[in-house]
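Undergrad: Mind having a look at this structure? Questions to follow.
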Amino acid sequence: MFRPRSLNSLTLVFPCYNEEANVGRMIEQAVGVGEGYGVDYEVIVVDDGSADRTAQIARSAADANPRIRLVRHERNQGYGAALRTGLRAATKDFVFLTDGDNQFQLTDIEKLFSKIDGCDAVVGYRISRQDKAHRRFNGAVWTRTVRLIFGLQVRDIDCAFKLFRRRCLQDLQLESEQLLIHAEILARLKKKRCRIEEIGIPHYPRTAGQASATALPKVIKSVGELFRLYWRIR
């Protein structure tokens, strides 16, 4: 097990929307990481106005373990809004984010740890992405567009397996409500001249629940956010 020299405390953040079949396992994995590395840690679950039992499951886990925190949106605000909430709530020196859909094994955080001593952020790229063909195609087009607009040398913009030094996130004025959030974080970090590294992370098929962040209205809204972000950053 590789442990960075600078790792003293860790926040693990993941947003959820109607993930009752996944959230319990995600919490178990996150707690396992924190306990396994023996650091001061917290697990932050952001429930983005779920209509199922996601919040109840997370609340029960939080009641049983004070290191687990549930932050709840009373109504669905969007994937980007949920991530922003989670990042604002983080209190530890390092902040790890992922999604609540169980398409990654959280033990692979060791791969991010292997690089973080030499940079400010480590971002994963999905190895053999296990999504349907249209999602892989849309993701490739989106990544190329964002790379071109912002000059980002990252091969998988939206991979939800990222680790940051919290001090680099604290003054970022994040605004994205939908899918643009990953691109916005990286573009703003680049503007701050933060050092960003990347590493491949195994990706697994979704076995429960349904992806909602890639619905057409949300994609259209993200495109509009993309061009507004470009004008703000430049």
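Undergrad: Can you figure out the FRET efficiency of Ser6 with Arg88, using R₀ = 22 Å and their beta-carbon distance, to the nearest 0.05?
TA: Working: r = 23 Å, r/R0 = 1.02.
FRET efficiency, Ser6 to Arg88: 0.45.
Undergrad: Exceeding 20 Å between C-alpha atoms, which entries from my cross-link table qualify? They are Lys111/Lys162; Lys132/Lys190; Lys92/Lys190; Lys92/Lys162; Lys92/Lys191; Lys162/Lys191.
TA: Details: Lys111/Lys162 10 Å; Lys132/Lys190 31 Å; Lys92/Lys190 22 Å; Lys92/Lys162 15 Å; Lys92/Lys191 23 Å; Lys162/Lys191 18 Å.
As for pairs spanning more than 20 Å Cα to Cα, those are Lys132/Lys190; Lys92/Lys190; Lys92/Lys191.
Undergrad: Please compute the net charge surrounding Asp108, taking Lys and Arg as +1 and Asp and Glu as -1 over other residues with Cβ under 13 Å from its Cβ.
TA: Within the 13 Å Cβ shell, the charges total +3.
Undergrad: Once you have the Cα-Cα distance between Ala140 and Gln56, take 0.36 nm times their residue separation minus that, and quote the gain in nm to one decimal.
TA: Gain in length upon complete extension: 26.7 nm.
Undergrad: Which of the aspartates and glutamates could a cross-linker bridge to Lys192, judged by Cα under 14 Å and excluding same-chain residues fewer than eight apart?
TA: Output for Lys192: Asp120, Asp171, Glu184.
Undergrad: At Arg195 and Ser114, where each label point lies 7 Å from the Cα along Cα→Cβ, what is the point-to-point distance in nanometres?
TA: Distance between the two pseudo-spin positions: 1.8 nm.
Undergrad: Where is the GNM fluctuation largest for the chain (alpha-carbon springs, 10 angstrom cutoff): Glu110, Glu198, Glu20?
TA: Glu110
Undergrad: Once fully extended, how much extra length lies between Ala133 and Arg206, figured as 0.36 nm per residue of separation less the alpha-carbon to alpha-carbon distance?
TA: Working it through step by step, the gained length comes to 24.9 nm.
Undergrad: I would also like to ask the following. Picking from Asn22, Gly200, Thr143, whose Cα lies most toward the positive end of the charge dipole for the chain (charges on Cβ: Lys, Arg +1; Asp, Glu -1)?
TA: Farthest towards the positive pole: Thr143.
Undergrad: Here's something else I'd like to know. Charges at C-beta only: +1 for Lys and Arg, -1 for Asp and Glu. How large is the resulting dipole of the chain about its Cα centre, in Debye rounded to 20?
TA: That gives a dipole near 980 debye.
Undergrad: In the stretch 9-233, what % of DSSP beta bridges are antiparallel (nearest 5)?
TA: That works out to approximately 25 percent antiparallel.
Undergrad: Going through the DSSP H helices of the chain, which span 24 Å or more along their own axis at the Cα atoms while scoring at least 0.0 as a mean Kyte-Doolittle hydropathy? If you can, show how the numbers build up before the last one.
TA: Details: long enough: 133-150 (26 Å, -0.08); 216-233 (25 Å, 0.35).
Qualifying helices, which must be both long enough and hydrophobic enough, are 216-233.
Undergrad: Express the relative contact order of the chain as a whole percentage, based on alpha carbon pairs under 8 Å and six or more residues apart in sequence. Don't jump to the answer; show the numbers that get you there.
TA: Working: 437 pairs, mean separation 56.5, N = 234.
The value is 24 percent.
Undergrad: Per residue and in cubic angstrom, what volume does the convex hull of the Cα atoms of the stretch 1-59 have?
TA: 76 Å³
Undergrad: A further question follows. Per DSSP helix of 4 or more residues, -39500 (n - 2.57); summed, then divided by the residues of the chain. What does that give at 222 nm, rounded to the nearest 500?
TA: For the chain, the value works out to -12500 deg cm²/dmol.
Undergrad: Find out how many positive minus negative residues lie around Asp117, taking Lys and Arg as positive, Asp and Glu as negative, among other residues whose Cβ is under 12 Å from that of Asp117.
TA: So the surrounding residues net to +3.
Undergrad: Expressed as a fraction of 2.2 N^0.38 Å, the rule-of-thumb size for a compact globular protein of N residues, what is the C-alpha radius of gyration of the chain?
TA: 0.94
Read-outs: derived from the displayed coordinates by stated rules, not from any lab. Every value quoted in this text rests on a predicted model; they were computed, and no experiment measured them. Cβ coordinates were reconstructed from backbone atoms using ideal geometry, including for glycine residues, and neighbour counts include every protein chain displayed.
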